[in-house]
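The values are calculated or read from the model by the stated rules, or taken from the named source; none is laboratory data. Here the structure is a predicted model, which means the values were calculated and not measured. Neighbour counts run over all protein chains shown; Cβ positions are idealised from the backbone, glycine included. Ligands, DNA and RNA are stripped out before the accessible areas are found, and what is left, the full protein with its side chains, is counted by its heavy atoms. Shrake-Rupley method; radii C 1.70, N 1.55, O 1.52, S 1.80 Å.
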Amino acid sequence: RDRITGSCLVGVDEIFTTGGPQCHRLRSFRVIPQPNPQQSLRFRLDADKDIDMGTFVSAMTFESPWLVVGLGNGALKAFNQDSKAEHPALNVVHSGQVNALVLKEVSGAACLFSAAEDGTFAIHTFKDGVFVQATQASLAAMGGASGPIKALQVLGTSLWLGAKAGVSVVDLQSLAVKGTVPVNPELRDMVTYEEGGVPFCILALVNGGILILDAAGNPVFQRGPAGEHTSNTAISLVFHHVAQKFMLICGQDYGYCTAYDLPAFTPRGSFRVHDGSNITHLKEIRPGGQPQGLFVVGGMTGDVSLWQFGHPADDNRR
């Protein structure tokens, strides 16, 4: 019964989730399609296996064949899905817990990006079958935002690093800070989004506010707290397979989630998870590699639930 700090889909039907400071384990669930004769639950999650990590797991990501987890002591561990082997120890000098991880190809090279509570970030490149550290630096020492780095995203050839009071954009070629966008109140989460081939970055603020920036860091949309949406605890993009468009899901306090159409940012509806705890993690999953409107919701109590967008005339099915 510890909070969920991350989830990712490994392969086509296996979800790994991780608990908070008291758990120290990766938990695996299988996504099992269900017959639906009476419009009942369409999928179920079957617990599979646990992996003892020995310490608090604070972040995770997957890009075939690598499952990478960040730990509370600043270390990283990587596991190869194909060989089932653990990668040799990654050389990272984060002194605080890892808050964000991204695996992405940049300029033809596979890269692992990590950011931590101590305000540092690191970049590993995949070379000769292993991840080799290429860069590790303090964002504040480079002239960027100070404080713990809570989120990171890669947009083109720029690394976006979100600290509490600002988002700094780092050029991946020169490793120079191109600029910092101040945010007030503090940043809670950040995702990237593309519309018509044009990339954007969506920032979620702790008070429920949303700020959307273009690739140059210029605001293109801003909305403060509205109605009951007065907090953000986690956000995620989910592709609505019926409407054929992306939705932004905003997790909030007390188990509430609100969905918004993009790019219009019109409310699509709200729902509440059964345990009523603050949402700590949201993640779209695509069994078989196809979008089915499915996403995982995790909260402070450690409960994991699977939700699916239904037909526009249908209610959202868990």
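Remarks
- Loop-resident chymotrypsin sites (Phe, Trp or Tyr not before Pro) (DSSP state other than H, G, I, E or B) in region 80-188 with no more than 10 further Cβ atoms inside 10 Å of their Cβ are absent.
- Note on surface exposure: MET60, MET247 rank MET60, MET247 by accessible area, highest first, 1.4 Å probe.
- Kirkwood hydrodynamic radius of region 198-318, from the reciprocal of the average inverse Cα-Cα distance over all distinct pairs: 14.7 Å.
- Whole-number percent relative contact order across the chain, with pairs defined as alpha carbons under 8 Å at least 6 apart: 11 percent
- Alpha-carbon centroids, region 41-106 and region 202-230: separation in whole Å: 29 Å
- Legend: residue pairs LYS77/LYS283; LYS49/LYS245; LYS77/LYS150, Cα-Cα distance threshold 28 Å; pairs beyond threshold, LYS49/LYS245.
- Proportion of all alpha-carbon pairs of the chain beyond 30 Å (%): 30 percent
- Spatially proximal aspartates and glutamates relative to LYS127 (Cα-Cα < 18 Å; intrachain offsets below 8 disregarded): GLU63, ASP82, GLU86, GLU105
- Restricting the calculation to Cα atoms, region 117-176 yields a radius of gyration followed by a Dmax of 11.8, 39 Å.
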